[in-house]
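Below: the structure, in structure tokens.
The values are calculated or read from the model by the stated rules, or taken from the named source; none is laboratory data. Here the structure is a predicted model, which means the values were calculated and not measured. All Cβ positions, glycine included, derive from the backbone under ideal geometry; neighbour counts span all protein chains shown.
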Amino acid sequence: METGPAALLDRARGLLERPGRTVLGIVGAPAAGKSTLAELLVRELGPAACLVPMDGYHLANSVLLALGRRDRKGAPDTFDAEGYVALLRRLRDAAGPAGTGQAGTGTRAGTVYAPRFHREIEESVAGEIAIAPEARLVITEGNYLLLPEGPWAGVRPLLDETWYVDPDEALRLRRLVARHVEFGKNPEEAHAWAHGTDQKNAAVIEATRAHADLVVRLPSR
């Protein structure tokens, strides 16, 4: 178990030094601090590292309404898991051997584009994240990277290492409620969603904790 950003950064540098492209998955419940940690690593490691969040694969709200799942947005079946797995495969194939930027056999080298989720509109926009073939460490963060069920089971074999972010639970819930308020819910709605829909998902995610290579406890603040 690692607890400090400096130790985690050193470990990430070790991943960056591996030959070829390495994919690091950062997992945790909503508002665990996954994005903050991933962004810190990318900022410190520079252009050789890039961030590709899982949440770009949220299904559109119109699709969720049609499926009757809008009130469960964030659950495993409200994402395009197959699309996310396909992206991870492309990211591995496009890098080529030993960080050369040349594609492997039968694969054309080049930039891979991924969608980005925008909380302010609760929708994803395709092709906003560009991953160059020279990026040797891809950091992907999300909730269900270790879920061993359905199409999500295809994710873990495509990750070289996984870290599970395990914060203080009271702190995580405060952050989550504050996030929902920031993006448009009133305090009552935010509390109900964080302790209802989100908490059900958090329980599913927490059950995958034992499958991670590393459990991360960052200092509370």
*Scan of region 1-60 for residues that are in contact with a helix residue (DSSP H, G or I) (Cβ under 8 Å, 6 or more places away or on another chain), of a type in the set (Ser, Thr, Tyr) and free of Cβ contacts under 8 Å to residues at least 60 places away in the same chain, ordered by number*: none
_Every residue in region 76-107 that is outside any helix (DSSP H, G or I), modelled with pLDDT under 95 and either among the hydroxyl-bearing types (Ser, Thr, Tyr) or surrounded by 15 or more Cβ atoms within 10 Å (Cβ to Cβ) (or both), please._
GLY96, THR100, GLY101, ALA103, THR105, THR107
*Does region 49-64 contain at least one residue that is farther than 20 Å from HIS180 by Cβ, part of a helix (DSSP H, G or I) and of a type in the set (A, V, I, L, M)?*
yes
*asked:* Just to verify a result, which residue in region 155-180, among those that are surrounded by fewer than 16 Cβ atoms within 10 Å (Cβ to Cβ) and not charged (D, E, K, R), is farthest from THR208 (Cα to Cα)?
replied: ALA178
*asked:* Against the definition (under 17 Å from the mean Cα position of the chain (by Cα) and either more than 22 Å from PHE79 (Cβ to Cβ) or modelled with pLDDT of 90 or more (or both)), how does VAL181 come out, yes or no?
replied: no
*asked:* Can you tell me how many residues within region 199-213 are of a type outside the set (A, V, I, L, M, F, W, C), at pLDDT 95 or above and closer than 11 Å to LEU147 by Cβ?
replied: 2
*Out of region 181-213, which residues are among the hydrophobic types (A, V, I, L, M, F, W, C), closer than 30 Å to ARG92 by Cα, surrounded by fewer than 20 Cβ atoms within 10 Å (Cβ to Cβ) and touching a residue at least 12 places away in the same chain (Cβ under 8 Å)?*
VAL204
_Suppose we filter region 17-38 for residues that are outside any loop (DSSP other than H, G, I, E, B) and either surrounded by 20 or more Cβ atoms within 10 Å (Cβ to Cβ) or at pLDDT 95 or above (or both); how many remain?_
9
